[in-house]
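Encoded as structure tokens, the structure appears first; notes follow it.
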Amino acid sequence: PTTITDELGIALANLADSATGVLTPTLRLGVTGLSRAGKTIFITALIHNLLTQGRLPGFAPLAEGRFIGAKLAEYPDATIPRFAYEQHLAALTGRPATWPESTRRISQLRIVLKYQSAKWWGGFSGPATLNLDIVDYPGEWLLDLPLLGKSFAEWSEEALARARQPGHADEAGAFLAELDKTDPLKDASDPDAERLAAAFATYLRRSREHGALSTLPPGRFLLPGDLEGSPALTFAPLPRPNQPIRGTSLYTMLENRFEAYKSQVIRPFFRDHFARLDRQVVLVDTLRALNTGPAAVADLETALTAVMACFRQGEANPLLRPFSRRIDRILFAATKADHVHHTSHDRLEAILNRLVANASKRARFAGAETRSLALAAIRATSEGTIREAGETLPTLIGTPQAGEELDGIIYDGKTEIALFPGDLPAKPDSLYEDGKPVALNFLRFTPPQRLDTNADGEVVLPHIRFDRALDYLIGDWMA
Ligand code: GDP
């Protein structure tokens, strides 16, 4: 009789073979979110937990003892950068442990999962195999999808209206000044286009820095990937002239480039990657938006709603239809839940729910199921209590990152502290008093410096509700 170890060995040996088999089902999971939302950490934790069978009581295939093993495999498309899993894990498990570099462009990885089906015929048909293809891409690029349905004139009008809002005067001033100096009807010239595009990109970047989250496309202006400096990225919004527009004008030039951006940048990304996804997780740094202020929260909400507009386009536009039929589940996840006490996790979920209410309505309307979850893919804090003025307060214990500041103390990245982070409000609508966020102390922490190991000597990554996310995203494919 074979032992469990043998079984595992055989199963793993078979993984490589079955991976090339045409009949192996493939689940394509998109992982997205705006810059710094937590994509890199989420994917690294996802892969590590599957490879090492981490502590995932809420992940049915593992909890039910049906999960046999997992293995990384060659990604079928050799032209797409590979997700640098080993590098990222090395940073997280190094001494000292550091957070790895963030997502700047698209990357992918395939992991082959072997499991025993729970269905009645599963016992007869033997272990089953699933290819899980993980596609990591900047959420900024997703914000571009609604542009497919807009003309240059429509987009310009929206973009300029936003730039002219009083709240954006600081960031947009220089761009608007450039615009005032420019007659859109003058002859097209590259230096003019470059000058305007540069001023516009600077405005977008600064608005991201100030507001933390910019909802304004084009996304490649913030994260150009390999396209930096190319004509398809050298345009800016222009007011629509009232006089007739000549084909040789600057206006026409930028209009053409906008159209090129749509057809040569957005559409291929959409067709080759996005449209082929089966499941999507949208990571949202809800706490950072709350910390930054009401404008950032409103921006975030608009961004999430805009992203989901793609689903609606799927109904109206035959070119986009494959996508709307494909993705059947979307998980909205509030990341970094370890920055608040567990008593606030449900509240964080409620706030996220409110933020994505419009977005998920659109998704459901198009036939996709959605869920909101507060999670930490890697938990950097533990919990304790302190007594202050006769009161017992729940605290977080962790090591603030070097440079983090609280109450006038600047931390060195080595000192562990206990702090009372403040409670998230019970009602998502009472986040602000007089336009100021209710007092919350969210510090950024270093990754956990001491990690448990399992029986095989592999590190175990602590998390919050990550197993539930996994179960929702892939559990049913392994039923
Ligand atoms: P990306 O730009 O979406 O790839 O973002 P990353 O995954 O690189 O995350 C950005 C930063 O957020 C990290 O460097 C960490 O500081 C923090 N972060 C991400 N996920 C977690 C988490 O689960 N817990 C904690 N405490 N911090 C996280």
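Every number in this text was worked out from the coordinates using simple rules, so none of it is lab data. All figures in this text were calculated on a predicted structure; none of them were measured in a lab. A quick note on method: Cβ atoms are made from the backbone with ideal geometry, for glycine too, and the neighbour counts reach across all protein chains shown.
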Reduced to Cα centres, the span from the stretch 324-351 to the stretch 245-290 in Å works out to 26
In the chain, taking the dipole from +1 charges on Lys and Arg beta carbons and -1 charges on Asp and Glu beta carbons about the Cα centre, the listed residue (397, 294, 451) farthest towards the positive end is 294
Going by amide H atoms built from the backbone, whose H comes under 5 Å of the H on residue 413, apart from near neighbours? 402, 403
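I want the antiparallel fraction of DSSP beta bridges within the chain, as a percent rounded to 5. List each step's numbers first, then the result.
Details: 33 of 57 bridges.
That works out to approximately 60 percent antiparallel.
Mind scanning 150/427; 39/181; 336/427; 150/186 and naming the pairs with a C-alpha gap bigger than 30 Å? Working shown, then result.
Details: 150/427 37 Å; 39/181 41 Å; 336/427 20 Å; 150/186 24 Å.
Pairs exceeding 30 Å: 150/427; 39/181.
Take 327, 409 and order them by how many other Cβ atoms sit within 10 Å, fewest up front.
Values: 327 24, 409 11.
Ranking 327, 409 by Cβ neighbours within 10 Å, fewest first, gives 409, 327.
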May I ask you to derive the FRET efficiency for residue 86 and residue 36 from their Cβ-Cβ distance with R0 = 22 Å, giving the value to the nearest 0.05? 0.50
Rounded to whole Hz, the Karplus (6.51, -1.76, 1.60) HN-Hα couplings of the stretch 169-185, x for glycine and proline: 3, 4, 7, 8, x, 5, 5, 5, 5, 4, 5, 4, 7, 10, 8, x, 8
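Once you have the Kirkwood Rh of the stretch 146-269 from its Cα pairs, apply Stokes-Einstein at 20 °C and 1.002 mPa s and quote D in µm²/s.
Estimated via Stokes-Einstein, D reaches 147 µm²/s.
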Can you tell me how the stretch 202-308 classifies by the Cα gyration tensor, rounded, prolate or oblate, using a/c under 1.5 as the rounded cut? oblate
With θ set to phi - 60° and the Karplus curve 6.51 cos²θ - 1.76 cosθ + 1.60, what are the ³J(HN,Hα) couplings of the stretch 356-361 in order, to the nearest whole Hz, using x for Gly and Pro? 9, 3, 5, 4, 6, 4
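Can you compute the charge dipole magnitude of the chain about its Cα centre, using +1 on each Lys and Arg Cβ and -1 on each Asp and Glu Cβ, nothing else charged? Give it in debye, rounded to the nearest 20.
Details: 53 positive and 58 negative charges, 226 e Å.
The calculation lands at about 1080 debye.
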From fewest to most C-beta neighbours within 10 Å, the residues 27, 406, 46 line up as 406, 27, 46
Low-density loop cleavage sites - trypsin sites (Lys or Arg not before Pro) in the stretch 71-104, where at most 13 other Cβ are within 10 Å (DSSP): 104
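Counting other C-beta atoms within 10 Å, which of 125, 372 has the fewest, and how do the rest follow? Provide the component values of the computation, followed by the final result.
On the way: 125 10, 372 23.
Least to most surrounded, the residues fall as 125, 372.
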Label residue 449 and residue 151 with points 7 Å out from Cα along Cα→Cβ: what is the distance between them in nm? 6.1
Using R₀ = 22 Å, calculate the FRET efficiency as 1/(1 + (r/R₀)^6) where r is the Cβ-Cβ separation of residue 416 and residue 101; round to 0.05. 0.30
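Pull out the extension gain between residue 124 and residue 170, defined as 0.36 nm times the separation in residues minus the alpha carbon to alpha carbon distance; nm, one decimal.
Working: separation 46, 0.36 × 46 = 16.56 nm, distance 6.74 nm.
The span from residue 124 to residue 170 would gain 9.8 nm if fully extended.
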Contour minus Cα-Cα span, residue 246 to residue 392, at 0.36 nm per residue, comes to 45.3 nm
Using only DSSP helix segments of four residues or longer, with each worth -39500 (n - 2.57), what per-residue ellipticity at 222 nm results for the chain after dividing by its residue count and rounding to 500? -11000 deg cm²/dmol
Give the value in nm², to one decimal: projected area of the alpha carbon convex hull of the chain, averaged over all directions. 26.6
